[in-house]
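Data block below; observations after.
FYI, it's all coordinate maths here, none of it is from the lab. For clarity, every value in this text was computed on a predicted model and none was experimentally measured. No Cβ is skipped: glycine too gets one built from the backbone with ideal geometry, and neighbour counts run over all protein chains shown.
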Amino acid sequence: MAVGLCGCILIWLLGSYFTLSWLASLGFDAAAAGLLPIHTVLHIGPAEARLTWTAVQLLWPSILGAWALPLAMTLIETGFDPARANGRHSRLVWGAILGLDAVTSALGLQAVLVRFVPDVLVSWALAVIIGLLLAVVPEKLARRLIVENL
């Protein structure tokens, strides 16, 4: 169960990373700040864009604020999941937030896929499919793992 939950967390982090990446590409500084620890640890991007750990520690409020958006979307999706909540309105809220989650993940992912997939249409199709999977799989799988093993 622990390995499965760690996998769910990694999938969630990946989808959240692409969401924040897309928001950062639009010029949202808080989203860019949220990506700094990942870029620093993994040495992603230009060297001058990476920070020392001391500088990253000073930005923790901004970093946590940036990651609050994907977390809020996940909590709303989980709370309004049709398997848990009844009613048409809860399904509409769930669908809207799930759609927003999938679209923002796909938009961030497409910017990466276009570098590796020469056909733009194929890269968009892959981004949409993977974005939807990144939005749905972690929450559903984590809940299933918890329910079946507790």
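Count charges around Thr19 for me, please; just the other residues with Cβ under 14 Å from its Cβ, Lys/Arg as +1, Asp/Glu as -1.
Working: positive: none; negative: Glu77, Asp101.
Result for the local shell: -2.
How high is the relative contact order of the stretch 22-150? Use alpha-carbon pairs under 8 Å, at least six apart in sequence, and give a whole percent. Could you put the intermediate results ahead of the total?
Numbers: 105 pairs, mean separation 24.2, N = 129.
Result for the stretch 22-150 is 19 percent.
Which FRET efficiency value, to the nearest 0.05, is calculated for Ala83 and Phe28 with the Förster distance at 30 angstrom and r the Cβ-Cβ distance? All intermediate terms of the calculation are to be shown ahead of the outcome.
Numbers: r = 32 Å, r/R0 = 1.08.
Efficiency at R0 = 30 Å is approximately 0.40.
Compute the Rg to Rh ratio over the chain from the alpha carbon atoms, using the Kirkwood formula for Rh, and round to two decimal places.
Here Rg/Rh amounts to 1.00.
Can you give the angle from 0 to 90° between the axis of helix 120-149 and the longest principal axis of the chain, with both taken from C-alpha atoms, to the nearest 10?
Computed tilt is about 60 degrees.
Rank Ala31, Ala85, Ala135 by mean-square fluctuation in a GNM of the chain with C-alpha springs under 10 angstrom and give only the top-ranked residue.
Fluctuation is largest for Ala85.
Hey, what angle do you get for helix 29-42 against the long axis of the chain, alpha-carbon based, 0 to 90 degrees rounded to 10?
The two axes meet at around 80 degrees.
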